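*Asks:* If you scroll down you'll find the structure; I have some questions about it.
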């Protein structure tokens, strides 16, 4: 067997062993992940949320990690919540926030928020109570930090976090109140 | 220079560094695969269908190659896999770095690498590591070839 074949054989054996061990451990590990990542519902509007703020009565879904799953909401619901003076949190960076944001929103940049400890995260959120409804948003529907930010908040115990998928772009286009 | 590169203690040091780095890097990923899968997803580099398989296999590939490269078992195979992995990491990081410079919507979030200077530092580290792994790979082929010739001569 020439050298190239031997190297190839070694590579194949190592890869196969890793694959087999990985698959076996993943299947018995309670924290194991599905073989194919499914993000198809990441941006999908939660149909139960369309009724607006009454959806507080909507059953809260818990993730397997034990926190309440944030809910994706459409612009109508976001506007209703805005009119009810619900807190809006903008996950974009400081300079983007300054260029324009939903009126009265608080800037919690995801990049700064994510690496912090739960205590520091709570500090960044100030005195916002855990039971309060929070609407997380970012640039627009191709932007994911609204989702990531919402999950970070849910993980530290906020149990009514909504994600306004349409984001600042849609809000601004509809002529809803903004600060510029 | 050639003397240094073929010096067995120097080569062992390189193998030790590579092995320790790869074993260490795998531990966190093994502990939190979901987060690793998210991190890969955020690089927007791999086709979605392969992301989780990648997240399941790569940590074991790293830990096994790390152990093999230190112990010297399957040295050619393990150093080649490490070189290839580093090559992919460098490409993924570089495209993240380049795209990161164009952020205007704040849409891009990297969980493991939080800012541009971190990405640049990681790229430089990986380039140093790939140089080391290429040296180990080439020397492992050469020493095998020499051993084989010696065997033939005997």
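*Asks:* Suppose we keep only residues that are closer than 20 Å to residue A:129 by Cα and assigned to a helix (DSSP H, G or I) within segment A:82-96. Which one would you say is farthest from the other protein chains (Cβ to nearest Cβ)?
*Replies:* Within segment A:82-96, the subset closer than 20 Å to residue A:129 by Cα is A:82-91.
From the residues that got through so far, the ones that are assigned to a helix (DSSP H, G or I) too are A:82-83.
Working: A:82: 20, A:83: 26 Å.
Filtering first and then ranking leaves A:83.
*Asks:* Further question: Of everything in segment A:124-180, what is farther than 24 Å from residue A:99 by Cβ, modelled with pLDDT under 90 and not in a loop (DSSP other than H, G, I, E, B)? Give them in sequence order.
*Replies:* None - no residue of segment A:124-180 is farther than 24 Å from residue A:99 by Cβ, modelled with pLDDT under 90 and not in a loop (DSSP other than H, G, I, E, B), so the list stays empty.
*Asks:* Which of the residues spanning segment B:26-68 are more than 10 Å from chain A (Cβ to nearest Cβ), in a helix (DSSP H, G or I), more than 21 Å from residue A:27 (Cβ to Cβ) and in contact with a helix residue (DSSP H, G or I) (Cβ under 6 Å, 6 or more places away or on another chain)?
*Replies:* Passing the criteria: B:43, B:66.
*Asks:* Please determine whether any residue of segment A:86-105 is loosely packed, with under 14 Cβ neighbours inside 10 Å, under 17 Å from the mean Cα position of the chain (by Cα) and in the same structural domain as residue A:172 (by TED's automatic domain parsing).
*Replies:* Checked against the condition, which is being loosely packed, with under 14 Cβ neighbours inside 10 Å, under 17 Å from the mean Cα position of the chain (by Cα) and in the same structural domain as residue A:172 (by TED's automatic domain parsing), segment A:86-105 yields no hits at all.
*Asks:* Residues in segment A:74-81: is at least one at pLDDT below 85, over 15 Å from the mean Cα position of the chain (by Cα), away from chain B (no Cβ under 11 Å) and farther than 30 Å from residue B:81 by Cβ?
*Replies:* No, there is no match, as no residue in segment A:74-81 is at pLDDT below 85, over 15 Å from the mean Cα position of the chain (by Cα), away from chain B (no Cβ under 11 Å) and farther than 30 Å from residue B:81 by Cβ.
*Asks:* Is it true that residue A:144 is surrounded by fewer than 19 Cβ atoms within 10 Å (Cβ to Cβ) and either without any contact (Cβ under 8 Å) to a residue 40 or more places away in the chain or within 13 Å of the chain's Cα centre (by Cα) (or both)?
*Replies:* no
Condition check ((1) at pLDDT 70 or above; (2) under 17 Å from residue B:26 (Cα atoms); (3) in contact with a helix residue (DSSP H, G or I) (Cβ under 7 Å, 6 or more places away or on another chain)) across all residues:
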{"residue": "B:70", "(1), (2), (3)": "yes, yes, yes"}
{"residue": "B:77", "(1), (2), (3)": "yes, no, yes"}
{"residue": "B:95", "(1), (2), (3)": "yes, no, no"}
{"residue": "B:99", "(1), (2), (3)": "yes, no, no"}
{"residue": "B:124", "(1), (2), (3)": "yes, no, no"}
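*Asks:* Being within 17 Å of the chain's Cα centre (by Cα), surrounded by 18 or more Cβ atoms within 10 Å (Cβ to Cβ), in contact (Cβ under 8 Å) with a residue 60 or more places away in the chain and within 17 Å of residue B:86 (Cβ to Cβ), is that true of even one residue in segment B:40-51?
*Replies:* Scanning segment B:40-51 turns up at least one residue that is within 17 Å of the chain's Cα centre (by Cα), surrounded by 18 or more Cβ atoms within 10 Å (Cβ to Cβ), in contact (Cβ under 8 Å) with a residue 60 or more places away in the chain and within 17 Å of residue B:86 (Cβ to Cβ).
*Asks:* Another question, then. Exactly one condition in (1) out of contact with any helix residue (DSSP H, G or I) (no Cβ under 7 Å at 6 or more places or on another chain); (2) more than 21 Å from residue A:43 (Cβ to Cβ); (3) more than 14 Å from every other protein chain (Cβ to nearest Cβ) is not met by residue A:173; state its number.
*Replies:* For residue A:173, the failing item is (2).
The values are calculated or read from the model by the stated rules, or taken from the named source; none is laboratory data. Quick caveat, the model's predicted, so the values are computed rather than measured. In this analysis, Cβ positions are derived from the backbone assuming ideal geometry, glycine residues included, and neighbour counts consider all displayed protein chains.
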